[in-house]
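As structure tokens, the structure follows; a few thoughts come after it.
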Amino acid sequence: MALLNAWAHSLHFLPYFLRVLCVSAITTVVLTACAFWMAFVLGFVLALMRLSRHAAFRAIASVYLELFRNVPLLTQLFLLYFGLERIGLTLPAFVAATLGFGLNGAAMLSEVFRSSIVGIDRGQGEAALALGMTWPMALATVVLPQSMRIALPALANFGIGLLKDTSLASAVAVPELMFRAKMLVSETYQTNLIYLIVAAIYLLLSLVLSRVSAATEHGLGKRRAALS
Amino acid sequence: MGHRDMPAAPATGLRQLVRVDALHKSYGAHHVLKGIDLEVMPGQKVSLIGPSGSGKTTLLRCINYLETPSAGHVFIDGHAIGERRHGDGWTSMSSSELAAMRANIGMVFQRFNLFPHLSVLDNVLLGPRKVQKRTGRELIDEARALLDKVGMDAKRDAFPEQLSGGQQQRVAIARALAMKPRLMLFDEATSSLDPELVGEVLGVMRKLAEEGMTMIIVTHEMRFAESVSDKVVFMADGKIVEEGEPRRIFHDAQAERTRAFLRAVLDH
């Protein structure tokens, strides 16, 4: 009976929780999107550097990769937010978090891109070169369209992982989902209800992401199958 | 293109379309080409024959600079490919200059190397569109005419994976021809085909030869080499052992190495 009463009492807060958490979920989504694109672009550049003929580019990219892959994300976030502040460079929390996730994600995605480019048969690039293309043109028109298809599932996984990892940004006071949830908990002590809502929102967002990626993959396959 | 690299025209008045000059290629300690000299005149069909590992394919790939020679030079219509004369020495040419030279040289690969993400028609259109920046109806008509020529226009909307090896190779020939090359290189174009599909590809190559295309053909199809070539070059161990008219090479070879090879491939 006491339990039921407690739940009834909790439900009274529900509209308020939903409102606050849904708004903060927007921050989570925007943070994920910004960090994803940064990781995508930088990761791609790093992958090209790792495949470069020039040893200096390869070395820089390898050092970057090892550095960001082997230091915990939370440590990187703290360095960017608190560390830089101590030397006079104060970044807004959202910017620090975007940088942190973006720089770290770039290391992950550079491996995804590199292996997907290497996975394309050498003969593809050679055929493009033999037609009179320069290497950048061959890469853009022949190699990348094929390697992106290979990379797509890994990109989707990365996106879903990133979405969940953004909860770490609560540690540097970005007003995202997890940060707001903690505040609501300390305000109302409705721990179970709040974190259940948070879990449901993350689950929903992740499912949407994986559906979108599955649809994209399916779409790429269907375009060809339709012609057989 | 500049005129600096142009050698004096030979006494005959016709200039070689391809001149290979003291070409060497090594992969580390492995010496694959050991001083190759070769001339191909405009309109000539030259077959390169010889045992596996003799360097035929490497030589062909040096001609369009897919392989970088370790020493020596290849001249296309008098212009060194991949390099520029710089004072007394040579420097690499820029990648766009190299690409512009390659656009005049068609290549057909053993493994076809069609672009799997593009339809047959788009495979043929890609070079003219991206390299020559051409667009429009006329280009599509031209591409379809080429596909028709190789008997593949009906499959223009198919994707490479839906085609047989022979069909893929015919599309690959059309793709190379779409650039209107002055020279065609064939790298064992029928070696990865099922035996019953070899004929359709050789048929297309024969038609091309009859039209006067300059062709360098690496092949194991001896009868084809004999009937279609103006010149047959026998290579072994990274050297040209002997070259000459097909009849002489196939029926009156001077070198024992050539005779032994021909016995082995013709008598099985």
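Assorted remarks:
- Taking the stretch A:13-227 and dividing mean pair separation by its residue count, relative contact order in percent (alpha carbons under 8 Å, at least six apart): 27 percent
- Calculated on C-alpha atoms, the gyration radius of chain B divided by its Kirkwood radius gives an Rg/Rh of 0.97.
- Translational diffusion of chain A, µm² s⁻¹ [Kirkwood Rh, Cα pairs; Stokes-Einstein; 25 °C; 0.890 mPa s]: 122 µm²/s
- The alpha carbon radius of gyration of the stretch B:84-137, expressed as a multiple of 2.2 N^0.38 Å, is 1.54.
- Considering only the Cα atoms of the protein assembly as shown, their convex hull presents on average a projected area of 34.1 nm².
- Structure-based [θ]222 nm, chain A - -39500 (n - 2.57) summed over DSSP H runs of at least 4, per residue, nearest 500: -26000 deg cm²/dmol
- With all pairs of separate Cα atoms included, the stretch A:147-196 yields a Kirkwood hydrodynamic radius of 12.6 Å.
- The alpha carbon convex hull volume per residue for the stretch A:15-75 rounds to 76 Å³.
- Stretch gain in nm, segment B:HIS220-B:SER70, where the contour uses 0.36 nm per residue and the Cα spacing is subtracted: 51.4 nm
- Amide hydrogen proximity for B:MET152: with H placed 1.01 Å from N in the peptide plane, no residue at 5 or more positions away or on another chain lies under 5 Å.
- Sorting the Cα pairs of the stretch B:139-210 by distance into bins of 10 Å, from 0 upward, gives 20, 56, 24, 1 percent per bin.
- Taking the fewest neighbouring Cβ atoms within 10 Å as the starting point, the ordered list for B:VAL171, A:VAL20 is A:VAL20, B:VAL171.
- In the stretch B:95-189, one over the average inverse separation of all distinct C-alpha pairs is 13.2 Å, which is the Kirkwood hydrodynamic radius.
- FRET efficiency estimate (nearest 0.05) - Cβ-Cβ, B:GLU210 to B:HIS30, R0 45 angstrom: 0.70
- Sequence of A:TYR195, A:TYR202, B:TYR65, A:TYR189 once ranked by neighbouring C-beta atoms within 10 Å, starting from the fewest: A:TYR189, A:TYR195, A:TYR202, B:TYR65
- Dimensions (Å) - the stretch B:130-268, Cα atoms, principal axes, largest first: 56, 29, 25
- Max mean-square fluctuation residue, GNM over chain A, Cα-Cα springs under 10 Å, options A:ASN104, A:ASN157, A:ASN192: A:ASN192
- By DSSP, the beta bridges lying fully in the protein assembly as shown are antiparallel in about 60 percent of cases.
- Taking every lysine pair in the stretch B:123-268 that is 8 or more places apart or spans two chains, those with Cα atoms closer than 23 Å amount to 11.
- Helix-only mean residue ellipticity at 222 nm for chain B, each DSSP H run of n ≥ 4 adding -39500 (n - 2.57), per residue, nearest 500: -10500 deg cm²/dmol
- Counted as membrane-span-like here are DSSP H helices of chain A whose alpha-carbon atoms extend 30 Å or more along the helix's own axis and whose Kyte-Doolittle mean is 0.0 or above; these are A:14-50, A:93-118, A:191-225.
- Here A:VAL208 and B:ILE140 are evaluated by their C-beta separation; at R0 = 56 Å the FRET efficiency comes out at 0.90.
Where a number appears in this text, it was derived from the coordinates with a stated rule and is not lab data. None of the values given here were measured: they were computed from a predicted structure. With ideal geometry, Cβ positions are generated from the backbone for all residues, glycine too; neighbour counts draw on all protein chains shown.
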